[in-house]
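Take a look at the structure set out below.
The values are calculated or read from the model by the stated rules, or taken from the named source; none is laboratory data. Predicted, not measured: the structure shown is a model, and the values here were computed from it. We place every Cβ from the backbone using ideal geometry, glycine too, and count neighbours over all the protein chains shown. Keep in mind that these areas ignore ligands, DNA and RNA; they rest on the heavy atoms of the full protein, side chains included. Shrake-Rupley method; radii C 1.70, N 1.55, O 1.52, S 1.80 Å.
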Amino acid sequence: MRRIVITGMGAISACGTGAAPLWEAMREGRSAIAPLVPPDPDAVMRMKVAAQLKGFDPTAHFDGTRLGLLDRTAQMTLVAAREAVAQAGIDFTSGNLARRTATVIGTGVGGEIARDEQCRKIYRDNSPRVHPLSIVRMMPNAPASHVSIEFGTTGPAFGVVSACASSNHAIIQAAAMLRSGQADAALVGGTESCFSLAGLRAWEAMRVVADDTCRPFCKQRRGLVLGEGAGMFVLEILEHARARGAAILAELVGVGMSADAGDIVAPSADGAAAAIRNALEDAELAPERICYINAHGTATPANDPTESKAIRMVFGEHADRLAVSSTKGVHGHALGAAGALELVAAIGALREDVIPPTANFLDPDPACDLDYVPNTAREQRVDAVLSNSFAFGGLNAVLALRRPAL
Amino acid sequence: MSESVQEQVFKIIAEHGKVDVGQIKPESTLKDLNIASLEAIEIIFDIEEHFDITMPDRDPDFDTDSAQGLVHAVNEALAGKQDEAGGNA
């Protein structure tokens, strides 16, 4: 089997521009959740807090012509992709690498801000005209297209959609292509920005959003807090990375997916457990080898006990020795970008032998009975980790990673 | 013929929960009536649309609320709306 390694990562989130500020905030359990800045200053919002990317100036990254093509999701993706590619030090013009490189990027809804702007013109302003680039800004494959254009990667490229599991599904899809020999390298990740008035109203109406902050797995949790951002990674076949002397951040050793095939929103422990088991089997890792799980941990009443139960179902007694944390208290729930932002946590844990904590944790909930590493990071040897993503629609995607073999 | 707030709320619950309106007792919780959380959210939304009110955010455990609790919340929201209208007049 062709082995897959990660040689570059980039991120942009409420914690700032770069994977480093995100990882530092995760490690310190420093929450970027703040009072919501609504897209419409006069709107009376039921949603009170969010993890928004502030002070991002797209004109610092893109010229005017280019910027006109880019929804915020694509802007963030490109900024993260540039960071990942720079770290990997990979040159796509060398040999036939460009056509052997896949580009797969997940997003829950695509260009929501671009769509919303045009809806306002039509329905609020009664304008008969919308911007001629509306379609290319809105389409959920736009981030993947723009990344392939920027880096000239001409291999398979497309977007992947599975709500809050989109990033992990995108990474898994690219991994499948690397293993099968359809590609030797891949630019992968996820992106999301849903802070349009319509997007926020839809989340408010669902009544799953906390009004104080995001407190995964603890008794006082009141729901999720929306975040935004993008995370991008360079994946390569191990031989390819070795041949060019690349520094390896982590090895992607296994992937697991499943569908609950049950309720459209209520999560299923069986479904989550199946995805976790599949990832372990695919990685040929005994459950006892896993040191840390970066949980989906949304802090909704339903997710956290269900995910805890699923972990117990798979790991048995080892569940009590596992460190499990959700970093969503730090960067919020970035939906389609969630798995990509959280992969930064998984990689950070492997590289620095430290478990990022579950931030904003108050008191334990009897229904959540694992070791959630509350509030303070823990230094310990970390050899193998899982990163869970579970989506509305009952779609589950889990990654298994290991520290690179020397 | 004007229906009481309780009758209107029960009717909305009955429609969404596909239960007979006669089955709904003031102390019934949505859970008792086998109404899943997604339907509960829709019930809240229909109540808001029907009465043109905004229901307060609470701990997101609608399914443990009783039908009477919902009626009470509607009455409070309606009273709040009247106060507001009075204030504007």
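Things worth noting here:
- Beta-bridge orientation, region A:255-402: approximately 65 percent antiparallel, per DSSP, counting only bridges with both partners inside.
- Accessible surface, region A:4-243, averaged per residue in Å² (probe 1.4 Å): 37 Å²
- Taking a ≥ b ≥ c as the square roots of the eigenvalues of the Cα gyration tensor, region A:255-402 is classed as rounded, since a/c falls below 1.5.
- Most to least accessible of A:HIS169, B:HIS72, A:HIS131 (protein chains only, probe 1.4 Å): B:HIS72, A:HIS131, A:HIS169
- Segment A:ILE264-A:GLU204, extension gain: residue separation times 0.36 nm, minus the distance between their alpha carbons: 19.8 nm
- Accessible area of the protein assembly as shown belonging to carbon and sulfur atoms, whole % at 1.4 Å probe: 52 percent
- Here is the interface size for A with B: some 1000 Å² of accessible area buried, both sides summed, with a 1.4 Å probe.
- Cα shape, chain A, gyration tensor, a/c 1.5 rule: oblate
- Computed [θ] at 222 nm, deg cm²/dmol, chain A (DSSP H ≥ 4; -39,500 (n - 2.57); rounded to nearest 500): -9500 deg cm²/dmol
- Environment charge at A:ASN396 (Cβ cut-off 12 Å; Lys +1, Arg +1, Asp -1, Glu -1): -2
- Of the beta bridges in the protein assembly as shown, as assigned by DSSP with both residues counted there, near 70 percent are antiparallel.
- Whether region A:4-243 is rounded, prolate or oblate, judged on the alpha carbon gyration tensor where a/c under 1.5 counts as rounded: oblate
- For region A:12-90 versus region A:110-166, the inter-centroid distance based on Cα atoms is 17 Å.
- Unsatisfied cross-links (Cα-Cα over 25 Å) in the set A:LYS309/B:LYS31; A:LYS328/B:LYS81; A:LYS219/B:LYS31; A:LYS309/B:LYS25; A:LYS328/B:LYS18: A:LYS328/B:LYS81; A:LYS309/B:LYS25; A:LYS328/B:LYS18
- Å² of accessible area per residue within region A:295-391, as computed with a 1.4 Å probe and no ligands counted: 28 Å²
- Label-point separation, B:SER2 to A:MET45 (7 Å along Cα→Cβ), nm: 3.8 nm
- Mean separation of Cα contacts under 8 Å (6+ apart) over length of region A:255-402, as relative contact order %: 35 percent
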